[in-house]
Amino acid sequence: MSRVIFDIDGVLGDFNSYCEQLLGIPADPTAYSAAQRWPGREEPFLKILHDPKTYYRLTTIRGAIQAVERYRISHEIFAVTARDYGNKSEMEYQTLRWFEKHGFPFRSVTVTTVEKKVPIIKEMLYGIDGYAIDDSPFQIQEMINKNVPYIIFNQLWNQDIPGTRIHGWI
């Protein structure tokens with residue numbers, strides 16, 4: 001059975017809308033970095049980013065739960081996310097609570113750092129058919145550099161990266 005490894009923020013969870021709601025202004029949908037996405041709002045953004053409860057409060061991206069259920073029919077399903085801010089154990093706890101709340105059927109969920117995410121994915125896929133689904137330009141470029149199979153979850157901020165794309169879950 002092949003594996004699919006999902007990113008969370010921007011792929012399954014709607015981090016962007018949550019931040020827009022709390023910051024009170026829309027994001028620049030073409031920008032990935034906080035400084036470009038919410039100019040002049042970096043400090044309040046960082047408070048949201050570092051609060052582990054943020055990750056429990058996210059809504060799902062429309063159709064994500066049903067899509068994961070469809071993948072589960074013929075794949076082993078994993079999640080790997082880079083959330084290396086604040087208290088690691090609390091971040092893991094809130095992330096797992098979010099998965100339970102929404103009923104995602106994952107075999108395992110890994111919370112790691114930005115730097116370790118792609119090496120972990122590469123190890124999880126070693127000798128196994130599969131790929132990762134991600135939206136982060138940085139992580140996708142790392143997958144390209146490290147020869148990790150990937151599919152891009154299409155967002156306006158990753159348009160300049162080549163590869164197969166998923167254009168939403170519905």
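If you check I120 against the conditions, is it in a helix (DSSP H, G or I), of a type in the set (A, V, I, L, M) and in contact with a strand residue (DSSP E or B) (Cβ under 9 Å, 6 or more places away or on another chain)?
Spelling it out, I120 is indeed in a helix (DSSP H, G or I), of a type in the set (A, V, I, L, M) and in contact with a strand residue (DSSP E or B) (Cβ under 9 Å, 6 or more places away or on another chain).
When you scan segment 38-53, how many residues do you find that are in contact (Cβ under 8 Å) with a residue 40 or more places away in the chain and open to solvent by less than 70 Å² (accessible area, probe 1.4 Å)?
Adding up the residues that qualify gives 1.
Hey, can you tell me all the residues within segment 64-85 that are aliphatic (A, V, I, L, M) and open to solvent by 40 Å² or more (accessible area, probe 1.4 Å)?
Listed by number, the residues that qualify are I65, I73.
Looking at segment 78-96, I want the residues that are within 14 Å of D51 (Cβ to Cβ) and among the polar types (S, T, N, Q) and have a partner that is open to solvent by 60 Å² or more (accessible area, probe 1.4 Å) and assigned to a loop (DSSP other than H, G, I, E, B) with Cβ atoms under 7 Å, at least 6 apart or on another chain. Which pairs are those?
Here the result reads Q94/K53, each pair linking segment 78-96 to a residue that is open to solvent by 60 Å² or more (accessible area, probe 1.4 Å) and assigned to a loop (DSSP other than H, G, I, E, B).
Quick check on segment 147-170: of everything there that is closer than 21 Å to E76 by Cβ and in a loop (DSSP other than H, G, I, E, B), which residue is most open to solvent (accessible area, probe 1.4 Å)?
N147
The values are calculated or read from the model by the stated rules, or taken from the named source; none is laboratory data. This one's a predicted model, so the numbers in the text were calculated from it and none came from an experiment. Methodologically, a virtual Cβ is constructed for each residue, glycine included, from the backbone with ideal geometry; neighbour enumeration extends over all protein chains shown. Areas reflect the complete protein model, heavy atoms only, side chains present, ligands, DNA and RNA absent. Shrake-Rupley method; radii C 1.70, N 1.55, O 1.52, S 1.80 Å.
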